[in-house]
1. Within segment B:185-280, which strands (runs of 3 or more DSSP E) (wholly inside it) include 1 or more residues that are within 12 Å of chain A (Cβ to nearest Cβ)?
2. Can you report the number of residues in segment A:64-84 which are touching a helix residue (DSSP H, G or I) at 6+ places or on another chain (Cβ under 6 Å) and either crowded, with 23+ Cβ neighbours inside 10 Å or more than 7 Å from every other protein chain (Cβ to nearest Cβ) (or both)?
3. Among (1) within 14 Å of chain C (Cβ to nearest Cβ); (2) within 17 Å of residue A:77 (Cβ to Cβ); (3) modelled with pLDDT of 90 or more, which single condition is residue A:42 missing?
4. Search segment A:88-115 for residues being under 23 Å from residue A:228 (Cβ atoms) and in a loop (DSSP other than H, G, I, E, B), and hand back the single one that is farthest from the other protein chains (Cβ to nearest Cβ).
5. Identify the residue in segment C:7-36 that is touching a helix residue (DSSP H, G or I) at 6+ places or on another chain (Cβ under 6 Å) and modelled with pLDDT under 90 and, among all such residues, is nearest to the other protein chains (Cβ to nearest Cβ).
6. Which numbered condition in (1) within 14 Å of chain A (Cβ to nearest Cβ); (2) touching a helix residue (DSSP H, G or I) at 6+ places or on another chain (Cβ under 6 Å); (3) at negative phi is the only one that residue C:134 fails?
7. For residue A:133, all conditions in the list (1) touching a strand residue (DSSP E or B) at 6+ places or on another chain (Cβ under 9 Å); (2) crowded, with 22+ Cβ neighbours inside 10 Å hold save one; what is the number of the exception?
8. Only one residue in A:98, A:104 is surrounded by 15 or more Cβ atoms within 10 Å (Cβ to Cβ) and closer than 18 Å to residue A:219 by Cβ. Which one?
């Protein structure tokens, strides 16, 4: 394989990997606060894309994206308040099933609000055919947008959870809800807030990936499955790990395509997930001792 | 006196009976994937079917009877399609069933409808639906093999020999890939590489990279999904500049719009519906195509696609046969399989007891994309 | 007859009554969807045991259903005539394990007896569930959900990617299942009543089996696991083994449903292994009240029957979503119990809580 070809495979891996990574980060926020995985996260991604696409004819792109993020965040808040917030002592099975139900509802709502057709946002920079040349290989400039948003999200989230009072309060809720409540933290508000933030981040992801992946009402679940995989491989709750795992998975997939039929690409990704879950459920980038504190 | 009264009563009874017969509507079942993974096919087909039945009823019905459309959404799930087909056949005792739009569902219904002696006019592409011929099973989309032949002929003209093939993992993609592989030797085409991608694929840069490494002279992509606009985008993004051929699945202007500039120059076979306005005035299909296009676009406020056309053809064939045969089911089937010269959206149908599709490769025109619109490739 | 068996008698009576009513009202076509609903119920009864009694979620049971269905479908549509000289085929033929006939398209075919493929399907699903269950069942909650979802997805992609398995078109023209007495279980109209009784006898048999299991020593152990796993372990319950056996048992049930679905509908497509189907099975168990065999059976029959008859039209999935969320919010331990109907049950304390309080910690404990 020529070096140019190798670089081209790496770049195509980075393209799909960056999409996986940005979707994965959204899962981590709710997980960090509540310890639950939101199975409807993929639908937040879809909603963000769909809303921005509907708004873009009426306003400049940045405004459409911003508005889509706000609207999706509001949907996230409403969903949490309506379906989760008032439950007393919900069981983990119950939460899994509620978020699965929520994902079905959001998807069906999107089908009936819009329709079954495929849409996409315009490329943020350049057009469909613009590409950047790196060492003889090519990559779409949109990939840099996705990576940029990933990077910004990781930095901002770590600042938020590490430095701000609210962020620390959210983490406290996850570590020990009772102690957090005793310290005067309103746990319920923190959980709602985590849904708002992750819905907003999901929507932002939906907007930046839309030019690459296109958006339609059913696109949430496949993105979410890849997102889950990446979030788990990177270590749940660990956003830096998610980005690394996303890029890694993208690149592994790209090279797997180079040597075997593409039909097996998804089987490889899922096998990695199963292997990681079975033998190292803390994820690849978390030390075992830290992971030992978690429940699986 | 008495006999006159009897005549009057008899006449009244006969009148009532014939009146009742007249008023009883013809039930036509329709099974389409209106939502779900094959909604790209099923939704326009369902809309078209509703539109046609409405217009036929407004014009006084078929053979003096109104038509009632019983539409079921199968969500591309064969088990549901089977359940609905049994329901339509046994409970509603429908006259005929149109759809489904995927070959998987159609094949599951083939024996079912044939055993129940109910006409099934499938809107799916795979040739196995009518080969072997089942007496009661028909299909309206053009043959995959004819699409492949048109593509290969064009390649021969362009001197292209070594190609790469991509297809989605749907029934449509699999059937097309099989035909591409079968017919390649006949046209001296060498398929250097064939790859299958998931229908929900979101980025195909890696697979086009792999194909580029094979030094092919052209790429053929066979699918019905959004991937049809992702492939051209990704090819252009990695500066892979060989001609791209697509299947008749590309016959939906939305995919052109999604692919933007990258769609320019894509060559694909399709029915003439998409270029109705560009056809010469003496083209036999022009009138039918323009009318369907105008009706559909005014009513649903969206561009027509060839998939809706398959439902149009199914109903046009059925209505024509009922008109010819009267209300009898067996006679209708005979009339259906002896239909000749019926102008549909996919082409001109000439059926026979051994050919339950009735289209030949002239049903396809080679089209290409110029300035974001479909144009005839031959005119280029 | 002890009171314990009253519900089973009632179910049998209902099954017979429905058939008689449809016969006299000339609405026998309802039986078609009742048969299909019963076949899907076989899956959820097994899953109910796994989810409700052992507290283990599985989003992979659609995969096992498809493994069963495809094994039966491939085994009985594979034409052995060209391979007749092969030693194995000759042995099978001599042992009377094959069937020779002419199909509806006039082709002579020789295929494996459905009994052989049934056995193969059950064995295959058992072995696969054992292999997958050993690593996966160490996980809990979301991790288990994801792992089983991943397993189902792998099956789905294998079905879609293999020409041998018909790719997206699946397998069709599967023959009926010949049963003793010259009766064939298939979708033909004149076999319908017998097929209906056969499949419902299967369901009732399975319910009796599950009921006994739940009320036996292993059943009590399972409930202990669901209530509080560490405590159960401390009491000397081999939790891993119980969970694994139950996982295998429920997988075999799913495969059994798949086998007969393939024979009844004459085919099977890859959508049967799809995530949406898996979610449906879980949803039905949840709607039925998790740890309630009767609730699950009821929910399954009602929801599948209505869905297969197309009453919800294009809103089918939306209705499922609404029902699912509503039940989870309003009556998480099942509609039956909420209505107070559980007094029908003789010993109500044998049914565990759907969501035992002691497990709440699982939810709230996360990482910083």
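The values are calculated or read from the model by the stated rules, or taken from the named source; none is laboratory data. On a predicted model such as this, the values are computed, not experimentally measured, just so you know. As a convention, Cβ positions derive from the backbone with ideal geometry for all residues, glycine included, and neighbour counts pool all protein chains shown.
1. Ranges flagged: B:190-197.
2. 12
3. (2)
4. A:90
5. C:29
6. (2)
7. For residue A:133, the failing item is (2).
8. A:104
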